[in-house]
1. Look at residue 102 and say whether it is of a type in the set (Lys, Arg) and either crowded, with 20+ Cβ neighbours inside 10 Å or over 22 Å from the mean Cα position of the chain (by Cα) (or both).
2. Which of the residues that make up the range 178-225 are surrounded by fewer than 16 Cβ atoms within 10 Å (Cβ to Cβ) and of a type in the set (Ser, Thr, Tyr)?
3. If you go through the range 351-363 one residue at a time, do you hit one that is in the same structural domain as residue 42 (by TED's automatic domain parsing) and at positive phi?
4. Could you please tell me which pairs satisfy a Cβ distance under 7 Å, a separation of 6+ or placement on different chains, a first residue in the range 226-240 that is of a type in the set (Ser, Thr, Tyr), and a second residue that is part of a loop (DSSP other than H, G, I, E, B)?
5. I'm trying to understand the selection: among the residues of the range 146-165, which are on the phi > 0 side of the Ramachandran plot and either among the β-branched types (Val, Ile, Thr) or modelled with pLDDT of 95 or more (or both)?
6. Has the range 230-252 got any residue that is outside the structural domain of residue 133 (by TED's automatic domain parsing), touching a helix residue (DSSP H, G or I) at 6+ places or on another chain (Cβ under 8 Å) and over 24 Å from residue 298 (Cα atoms)?
7. Given the residues 310, 344, 322, 282, which is the only one that is closer than 19 Å to residue 240 by Cβ and either in contact with a helix residue (DSSP H, G or I) (Cβ under 8 Å, 6 or more places away or on another chain) or aliphatic (A, V, I, L, M) (or both)?
8. Show the residue pairs meeting these rules: Cβ distance below 8 Å; 6+ apart or different chains; first residue within the range 244-270 and without any contact (Cβ under 8 Å) to a residue 40 or more places away in the chain; second residue in a loop (DSSP other than H, G, I, E, B) and not basic (Lys, Arg).
Amino acid sequence: MAGPLAGIRILDLSAVLMGPSATQLLGDMGADVIKIEPPDGDTTRRIGPGRSPTMGSNFLNMNRSKRSVVLDLKNPASRDVMHRLIERADVLVLNIRPQAARRIGLDHDSVRAVNPRIVYCALTGFGSDGPYAGQPAYDDLIQGLAALPALYAQSAGEPHYVPTPIADRVAGLHAVVAILGALMHRERSGEGQAVEVPMFETVAHTVLADQIYGHTFVPPIGEPGYPRVLSPQRHPYRTSDGWLCILVYNDKHWRDFFNLIGRGDLLADPRFGSMRGRNEHIDELYGMLARALAGKTTAQWLELLAKADIPAGPMNTLHNLIDDPHLARKDFFQQVEHPTEGSIRSMRVPTRWSATPPEPARLAPNLGEHGDEVLRELGYSGEEIVSLRERGVLGAAH
């Protein structure tokens, strides 16, 4: 069956992680994603182990369901190719800085003049109307500005980045939502529009939804920072033989847990008998939790907690996660044969759909693999394609 975005064509001029993660999700949903790459390709082609120089693991996991075309956009002769692509596209996604986009004719006004129905999605580090506009931005920088390392310092004593590029992922998901919303608006009105997805603002929005806390109110009625998630005692807990992840959260959970450890009397303690009281005394409460869990094995606790319906699970390592029995049962991983890279492990689309299930259309493309194919679809003859290649506009397939 065709995916829910079948018939939608997306020009992907993004690179690294934020944009490619978004366009891969859209491609998995059936959109025809044409990835426009510079002659050297997306930089992530060279990140991680690989069997080929330009097909590293990070690229393989971020660019399936796409076709690759190499265009030198700095070459003025590329304008005709881009105009033909834009004329036939529904969405343009780019993370080129605004001033650079204007120089090569890819600012919103220029693109809209070619195709007024297009959804123009600009991925930026910072909103274009703020004092940080136009500054370079990468995940680590955005995490720092959005206070994530400071939250680590507050809870664990030393600042750290989240050890996965979470800012790119969060902004990428916002981009998917924004693009789908703009397409829905166009479906109803026939009107295209420009959408800007700034990393800093999207990550700040995500962090502050929990952490603004007492500063929600004007004037503030408390400090910023959600005490439960900032508690130094909130972490995987040691058992007698390993580690356990547990969230004793609501009134029922705590009542059942106190009874489980023989401390039902704590329900009458005003510090622990209500959600508000527990939140105010969370360090003390989590310290008590840690001491209790140390007395039994992980397996013993998992059995007891499952009977009490208290959320708990083991702490996976990356190796454990890859071999997780739930993921195995759900066929989360597929071993597939890439045309040039051999056997690789690919992750299925995690969502489940009853009518239009997403399914990867193809594995990650080699650099420029689909250049001739896409240009023929645009009406270029074989002789014209050869001429474009000779003039350095169109890159050869690797």
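The values are calculated or read from the model by the stated rules, or taken from the named source; none is laboratory data. Quantities reported herein were computed from a predicted structural model and do not represent experimental measurements. When we count neighbours, we look across all protein chains shown, and the Cβ atoms used for this are built from the backbone with ideal geometry, even at glycine.
1. Yes.
2. 189, 216, listed by residue number.
3. No, there is no match, as no residue in the range 351-363 is in the same structural domain as residue 42 (by TED's automatic domain parsing) and at positive phi.
4. 239/294; 239/296; 239/297; 240/294; 240/295; 240/296; 240/297
5. Matches in the range 146-165: 147 only.
6. Yes; the residues of the range 230-252 include at least one that is outside the structural domain of residue 133 (by TED's automatic domain parsing), touching a helix residue (DSSP H, G or I) at 6+ places or on another chain (Cβ under 8 Å) and over 24 Å from residue 298 (Cα atoms).
7. Sole residue among the options that is closer than 19 Å to residue 240 by Cβ and either in contact with a helix residue (DSSP H, G or I) (Cβ under 8 Å, 6 or more places away or on another chain) or aliphatic (A, V, I, L, M) (or both): 310.
8. Close Cβ pairs satisfying both conditions: 251/274; 254/248; 254/272; 258/272; 266/272; 266/273; 267/273.
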